[in-house]
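Since the structure comes first, as C-alpha cells, the remarks are kept for the end.
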C-alpha cells in the first residue's frame with residue numbers, strides 16, 4: 001500500500017509540476033512577488049498531495065520567532081519535503097541552489113522565476129562571494145534568502161559540514177539568521193521513492209543576531225542549535241557529541 005500511495009503521489013506531483021514550471025517563470029516576468037506567489041501555490045499543492053496520498057502531516061513550533069524583516073532562513077536538509085514546505089509557508093524567498101538545478105526542465109524554470117541564486121559549490125570562495133553579493137541585492141529588494149547550510153540532503157541521524165555562505169551573507173547585511181530544525185527525513189527519505197505516513201515536527205528557533213559578529217561564530221551557533229534540536233526531535237537517531 002505504501003508503494004501504491006507513493007506512486008500515486010509521484011504521478012500527481014509531476015502532473016502539477018509541468019504547468020507550474022511554466023506559470024512560475026511567467027509570473028516572475030511581473031516581479032519577484034508575482035513569481036513567488038505562483039511558486040507558493042505550487043508548493044501548497046505538493047505539500048497537500050503528500051498529505052492526502054502519503055499521510056505526511058506536520059506541526060510547527062515557533063512561528064512567533066520569524067522577524068518582521070527580510071532574514072536568512074537556514075534549515076536542516078533531509079529530503080525534498082522541507083523545500084516545498086518552506087516555499088509554501090514562509091515569506092517570499094529566493095533559494096541558494098546548485099547551478100545544475102537550473103538545467104532541469106520545469107523545475108529549473110521555476111527556480112529562475114523566483115530569482116534563485118545558482119552557485120558552483122566546487123568554486124569555494126567564488127561561490128561564497130556570489131551568495132553575499134547577489135543575496136544582499138535580493139534582500140534589499142525585500143526578499144528573504146533560504147539556504148541549507150549542509151549543502152545537500154543528509155541521512156537521518158547524521159550531520160554534514162555546515163558551509164559559511166549563509167552566515168557570511170547575514171553578517172555582511174546585518175540580517176538575522178532564522179534556524180530551522182525538523183525530522184522530515186523520517187517520513188520522506190533523502191532520495192526515497194516510498195513516502196511513509198507520520199507527522200513532521202518543525203521547530204523554528206529564535207533569530208540569531210549577526211551585527212558586529214564574525215561569520216564563523218554565527219555559523220557555530222546555528223549548527224549547535226540545529227543539531228541540538230535534532231537530538232531532541234529524535235534522540236534515538238542522534239548520538240550525543
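Helical content alone sets the calculated 222 nm signal of the chain at -15000 deg cm²/dmol, taking -39,500 (n - 2.57) per DSSP H segment of four or more residues and averaging over every residue. Straightening the chain between residue 136 and residue 227 buys 30.1 nm, computed as 0.36 nm per residue apart minus the Cα-Cα spacing. Segment residue 152..residue 236, full-extension length gain: 28.0 nm, with 0.36 nm per residue of separation and the alpha-carbon distance subtracted. Let me check against my output: what whole-number percent is the relative contact order of the chain, with C-alpha pairs under 8 Å and at least 6 apart? So the answer I get is 26 percent. Each Cα pair under 8 Å and six or more residues apart adds its sequence gap; the mean of these over the residue count of the stretch 110-226 is a relative contact order of 23 percent. With Cα atoms defining each centre, the stretch 154-199 and the stretch 1-26 are spaced 23 Å apart in the structure. Note on 112, 143: ascending count of other Cβ atoms within 10 Å places them as 112, 143, the fewest first. Taking the DSSP beta bridges with both ends in the stretch 85-241, the antiparallel portion is around 45 percent.
Computed from the coordinates by the stated procedures, all read-outs in this text should not be read as laboratory data. Keep in mind that what you see is a predicted model, and the values were worked out from it rather than measured. All Cβ positions, even for glycine, are placed from backbone atoms using ideal geometry, and neighbour counts span all protein chains on display.
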